[in-house]
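**Q** First the structure, then my questions, so here it is.
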Amino acid sequence: MISGPPRGMRDFYPEDVRLRNWLFGLWRKVSESFGFEEYDGPLVESEELYIRKSGEEIVGQLYNFQDKGGRRLALRPEMTPTLARMIIAKGSSLPRRIKWFSIPQCFRYERMSRGRKREHYQWNLDIVGVKEPTAEAEVIAAAVEFLRRVGMGKNDFKVFLSNRRLLAALLKSRGLPEEKFAEVCVVIDKKWRVTEAALEGMMGELGLSSTMVNAVFEVLRIETLEQAERLLVEGNAPLDALDETREVFEYLSYYGLEAFCRFDISVVRGLLYYTGPVFEFFDVDRSLRAICGGGRYDNLLESYGGEKVTAVGLGFGDVVISEMLADKGLLPDFQKKIDFVVIPFSPQERKAAIELTQSLRAKGKKVGIMLEIRKLRKALADADRAGAQKVAIVAPDELAVGKVVVRDMRTGEERAVPPAEVC
């Protein structure tokens, strides 16, 4: 007997769909209020789209397979490569600067924990063609706006920002070979999920000496941009990435978001295509995985054969935010509601009941009809469970004089009115 969905997947019962629709609706409202347009792509993509550009960790998490034509395909684990492919396909016919959003379902075969499943929906925001850090500030501001709209404030979450170019400059000044940087980023991305000893072990497996491992941890102990600047100056390293990071914080201050934002050099994001500023949102206690995250990926389109185009993106998963809102008691009441349930008293009233039902639906009402003849008491109980605000009882005595009985399910008040006046 099959008892449930595959491990890590979810069933969505009607009450779950009500939550999902509410969440997606808010994501859409915030996106549109910030001037983003919605797009979508296929659930299944070429396996190569992810293997070439995303990084070793995500490659090992793919749900991949061979189709009947011998092609290697994969369920999408993220949306950004699809976005890149779509932009390249349209080429110069697209505007030079675009702001797009999507809410794709994504799949990754990964270790599950609280807030992490093997499928999830993800709100994606992307700004393409803008070089200035205003793009980072805009997508961060949109995510903060959503969290504000669901009732969260600076005491509930924080935005942790860094810059992969800044981290690269710091590590290079401490002697890390450039070819090791991407692999070290994958390890650093696990900082909040494993012990320091485990991180040391993983770096050792990359071939880093104990001296180099200590140098990496020295960099990870940086807490402020001023400390980062001192190390860069000490190592005669360039300061352009530091200046870029300061710009992001400056623009965020223009949005009034200083209280939400913190510098954290260990934020790198797990995907290898990020090239500059990166960020992650966490609940203040870090009791859950990142609420959302993103950053700048200026080379991705070029790496797929397109033009070199600057881009910034954000991904916001539905699982973590649902857990967080439930913990804080911020989920709305998702009780099902319909305007009417029409109840035929006996088989002889079915024709009139169906005609009334269709008339109300034509007026834009949400209307159910009792499809079986039941005793009135049980029919009313069923209508109440269905969330009916009112019921229309089509009974022989009232119908004989051209009327039906309308009952308000909240007050119990009843009145007999002509079918045309039911509202």
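The values are calculated or read from the model by the stated rules, or taken from the named source; none is laboratory data. Model, not experiment: these values are computed from the prediction. For neighbour counting, all protein chains shown are included, and Cβ atoms are generated from backbone atoms with ideal geometry for every residue, glycine included.
**Q** Which residue out of 199, 271, 288 is free of Cβ contacts under 8 Å to residues at least 24 places away in the same chain, under 27 Å from residue 77 (Cβ atoms) and surrounded by 17 or more Cβ atoms within 10 Å (Cβ to Cβ)?
**A** On the way: 271 fails: free of Cβ contacts under 8 Å to residues at least 24 places away in the same chain; 288 fails: free of Cβ contacts under 8 Å to residues at least 24 places away in the same chain.
Just one listed residue meets the conditions, 199.
**Q** Tell me the residue from 4, 25, 8, 35 that is in a loop (DSSP other than H, G, I, E, B) and farther than 26 Å from residue 109 by Cα, please.
**A** After applying the criteria, what remains is 35.
**Q** Among the numbered criteria (1) out of contact with any Phe, Trp or Tyr (no Cβ under 8 Å at 6 or more places or on another chain); (2) hydrophobic (A, V, I, L, M, F, W, C); (3) not assigned by TED's automatic domain parsing to the domain that holds residue 290, which one does residue 367 miss?
**A** In the conditions (1) out of contact with any Phe, Trp or Tyr (no Cβ under 8 Å at 6 or more places or on another chain); (2) hydrophobic (A, V, I, L, M, F, W, C); (3) not assigned by TED's automatic domain parsing to the domain that holds residue 290, residue 367 misses (1) alone.
**Q** Quick check on the range 133-140. Is at least one of its residues within 24 Å of residue 232 (Cα to Cα) and acidic (Asp, Glu)? Steps first, please.
**A** Residues of the range 133-140 within 24 Å of residue 232 (Cα to Cα): 133, 136.
Keeping just the survivors that are acidic (Asp, Glu) gives 136.
The answer is yes, given that some residue of the range 133-140 is within 24 Å of residue 232 (Cα to Cα) and acidic (Asp, Glu).
**Q** Quick one: would you say residue 167 is under 32 Å from the mean Cα position of the chain (by Cα) and either touching a residue at least 24 places away in the same chain (Cβ under 8 Å) or surrounded by 14 or more Cβ atoms within 10 Å (Cβ to Cβ) (or both)?
**A** Answer is yes for this residue.
**Q** Next up: Quick one: how many residues across the range 11-22 are assigned to a helix (DSSP H, G or I), among the hydrophobic types (A, V, I, L, M, F, W, C) and free of Cβ contacts under 8 Å to residues at least 40 places away in the same chain?
**A** Residues that pass the stated criteria total 1.
**Q** Six or more apart or on different chains, Cβ atoms under 6 Å: show the pairs whose first residue is in the range 308-333 and more than 14 Å from residue 287 (Cβ to Cβ) and whose second is of a type in the set (Phe, Trp, Tyr).
**A** From the range 308-333, the pairs are 311/297; 316/123; 318/121.
**Q** Tell me the residue from 84, 74 that is in contact (Cβ under 8 Å) with a residue 12 or more places away in the chain, part of a strand (DSSP E or B), under 25 Å from residue 293 (Cβ atoms) and in contact with a strand residue (DSSP E or B) (Cβ under 9 Å, 6 or more places away or on another chain), please.
**A** It is 74.
**Q** If a residue has to be without any contact (Cβ under 8 Å) to a residue 40 or more places away in the chain and farther than 21 Å from residue 351 by Cβ to count, how many in the range 361-406 make the cut?
**A** Counting residues in the range 361-406 that are without any contact (Cβ under 8 Å) to a residue 40 or more places away in the chain and farther than 21 Å from residue 351 by Cβ gives 8.
**Q** Taking the range 397-412 as the search range and keeping residues that are among the hydrophobic types (A, V, I, L, M, F, W, C) and outside any loop (DSSP other than H, G, I, E, B), which one is farthest from residue 376 (Cα to Cα)?
**A** Start the filter on the range 397-412 by keeping residues that are among the hydrophobic types (A, V, I, L, M, F, W, C), which leaves 399-401, 404-406, 409.
Going one step further and asking which of them are outside any loop (DSSP other than H, G, I, E, B), we end up with 399-400, 404-406.
Values: 399: 16, 400: 19, 404: 14, 405: 12, 406: 13 Å.
The qualifying residue farthest from residue 376 (Cα to Cα) is 400.
**Q** Identify the residue in the range 348-402 that is among the β-branched types (Val, Ile, Thr) and closer than 15 Å to residue 417 by Cβ and, among all such residues, is surrounded by the fewest Cβ atoms within 10 Å (Cβ to Cβ).
**A** 401
**Q** With assigned to a helix (DSSP H, G or I), within 22 Å of the chain's Cα centre (by Cα) and hydroxyl-bearing (Ser, Thr, Tyr) as the only criterion, which of 359, 322 stands out?
**A** 322 is the lone residue from the list that is assigned to a helix (DSSP H, G or I), within 22 Å of the chain's Cα centre (by Cα) and hydroxyl-bearing (Ser, Thr, Tyr).
**Q** Are any residues in the range 87-106 among the polar types (S, T, N, Q) and either part of a helix (DSSP H, G or I) or free of Cβ contacts under 8 Å to residues at least 12 places away in the same chain (or both), and if so, which ones?
**A** Listed by number, the residues that qualify are 92, 93.
**Q** Restricting attention to the range 337-356, report how many residues are among the polar types (S, T, N, Q) and in a helix (DSSP H, G or I).
**A** 1
**Q** Mind listing whichever residues of the range 219-239 are out of contact with any helix residue (DSSP H, G or I) (no Cβ under 8 Å at 6 or more places or on another chain) and either assigned to a loop (DSSP other than H, G, I, E, B) or touching a residue at least 40 places away in the same chain (Cβ under 8 Å) (or both)?
**A** 221, 223, 224
**Q** Across the range 253-284, what is the number of residues that are within 30 Å of residue 304 (Cβ to Cβ) and either among the hydroxyl-bearing types (Ser, Thr, Tyr) or assigned to a helix (DSSP H, G or I) (or both)?
**A** Of the residues in the range 253-284, 4 are within 30 Å of residue 304 (Cβ to Cβ) and either among the hydroxyl-bearing types (Ser, Thr, Tyr) or assigned to a helix (DSSP H, G or I) (or both).
**Q** Also, I was wondering about something else. Take residue 204 and decide whether it is touching a Ser or Thr at 6+ places or on another chain (Cβ under 9 Å), free of Cβ contacts under 8 Å to residues at least 12 places away in the same chain and assigned by TED's automatic domain parsing to the domain that holds residue 111. Talk me through it step by step, then tell me what you get.
**A** On the way: touching a Ser or Thr at 6+ places or on another chain (Cβ under 9 Å): yes; free of Cβ contacts under 8 Å to residues at least 12 places away in the same chain: yes; assigned by TED's automatic domain parsing to the domain that holds residue 111: yes.
When the stated conditions are applied, residue 204 passes them.
**Q** So which residues in the range 349-381 are of a type in the set (D, E, K, R) and either modelled with pLDDT of 95 or more or out of contact with any strand residue (DSSP E or B) (no Cβ under 9 Å at 6 or more places or on another chain) (or both)?
**A** 349, 350, 351, 355, 361, 363, 365, 366, 372, 375, 377, 378
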